[in-house]
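Working notes, structure below.
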Amino acid sequence: MALHPPSRLRRRRWTAVLALLPAASLCFGTPAPVSAAEPGADRITLNAAGTPAYRIDADVVGGGIVVTDNVSTFATRKIQGTATLPGAEGGEATFTVDITRGVLGLTGTLSLQDPGAGVQISAKVTGGVKTPADGTVTWQGNATVRRGSASEARNVSLTLLDRWPDPGDHAIRITHAGKARNAVLRLPDDYDGTPRPVLFHFPGLFETPGMAEFYGRMADYAQTRGFIMITPEHYGRGWQGVPAGTPSPDLDDPGFIRRLQDILITRFNADPARLYASGMSNGGFFTSRLACVNERFAAYAAVAGQLSDIPACEPGRKVPIVMLHGTTDTIVPYSTVAPAAAFWAGNNTCSATSTATPLPDKDPRDNTTVVRHVHDGCPADAPVELYEIKGGGHNWPGGLPFLGPFLGGTTHDIDANEVIWDFVSAFRLA
């Protein structure tokens, strides 16, 4: 919403979470000149019924309103802030909103002060807030409209267009192949609308995006490192077309991911040359499958789930990929790693041999060690690497163990978030 970087910084100081409100230009009189809105600024539209009717529809020129969503439910969590916009008859109007989600849904207050037009609007919001996936918030209900000394209840409608999303969590809710699909993304602390790289992470079997974040903290890692983190939700128990995934109906999961890539580029200004994919378990299988069919990711990382259908994989290009896998994984055996690594090495014109480097045993108490295998002779833009976690089970390296010790050891000698980002971020599409 800001006009320049200092305004952008002021906007971030508003505590919370609404970047989706259309803004206003009143319909009485000739507006006096005001500060110009920055291209891409959020917009606020507010209509008050009655005689005379009141309408404001303009871009925000100062302050800001921020929207954030819940990482577990994909529902909007907060809409808060104060923004200024051109007044109806000169000067500036001020719009303030404070709406949060509670047991009764999104409730709170909103108000508009337009001194030039002599208009004040205030409302208690007790429901009716809609937050579709295209970055627009809408509300309609009763409000108190004051003009001079007169005051009356009127029907008021509000639309807030989020053209410049703020740092924090945002939900994406779309329909694809006839099914409601969801994803949640974290915009980093320094997000300012400039092109950013994006890491897609695909959760494992029965794992929600919220669970993936709880056990792996990937979005927390991304938040302070300047890249966007997005975690799509699979439909049903897992990703379709790979081992243990949802068997039916036809969900077109690869198409769903292409839709998300488009949304990230168009709405969040993701850098199309720096999109990356990672996944755990069933999500690791799916990541490997995407390396065969999706040419828009620049690099891939698969954890505890390697390429499962080698004969069907025809990437048509060299694929930078890193694999992480525990030797005592009882869910996806370590024996699945060698065929996958050999395939990627052959695809990338690497040598069949690799160089093994034992890594420091940073945490002797976890009863694991890590060996990094780098295939020899790979092109600089298409390496194949494997982190062999000796004693490691079916858990996220460096994270919290899922189901405690029942899925095997969790290494703390490496942090999968760091390993993955250091690897994939070195590559970009031509």
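The values are calculated or read from the model by the stated rules, or taken from the named source; none is laboratory data. Please read these numbers as outputs of a predicted model, since none were measured by experiment. The protein model used for the area step is the full one, side chains on, heavy atoms only, and it has no ligands, DNA or RNA in it. Shrake-Rupley method; radii C 1.70, N 1.55, O 1.52, S 1.80 Å.
How many percent of Cα pairs in the stretch 177-254 exceed 14 Å? Before the final figure, lay out each step's value.
Details: 1866 of 3003 pairs.
Taking all Cα-Cα pairs of the stretch 177-254, the fraction more than 14 Å apart is 62 percent.
Accessible surface calculations at 1.4 Å, restricted to protein heavy atoms, place the chain at 40 Å² per residue.
In plain terms, if you count all Cα to Cα distances in the stretch 341-393 and split them into 10 Å steps from zero, the share in each step is 26, 42, 24, 8 percent.
How long are the three semi-axes of the equivalent ellipsoid of the stretch 294-349, in whole Å, if each is the root of 5 times an eigenvalue of the C-alpha gyration tensor, listed from largest down?
Each semi-axis is the square root of five times an eigenvalue, giving 21, 12, 10 Å.
Summarising the overall dimensions of the stretch 68-118 from its C-alpha atoms, the Rg and Dmax are 14.5, 45 angstrom.
On the stretch 127-273, 51 percent of the accessible area sits on carbon and sulfur atoms, based on a 1.4 Å probe.
For the stretch 61-175, the Kirkwood radius over C-alpha pairs fed into Stokes-Einstein at 4 °C and 1.567 mPa s yields D = 86 µm² per second.
Among the protein heavy atoms, those of residue 295 account for about 110 Å² of accessible surface (1.4 Å probe, every chain in place). Computed in the context of the full set of protein chains, the accessible area of the stretch 282-430 at 1.4 Å probe radius has 58% of its extent on carbon or sulfur.
Strictly over 22 Å apart at the Cα level, which of 78/130; 362/390; 179/318 would you flag in this model? Don't jump to the answer; show the numbers that get you there.
On the way: 78/130 12 Å; 362/390 14 Å; 179/318 33 Å.
Going by Cα-Cα distance, 179/318 fall outside the 22 Å limit.
The reciprocal of the average 1/r between distinct C-alpha atoms defines the Kirkwood hydrodynamic radius, which for the stretch 309-430 equals 15.1 Å.
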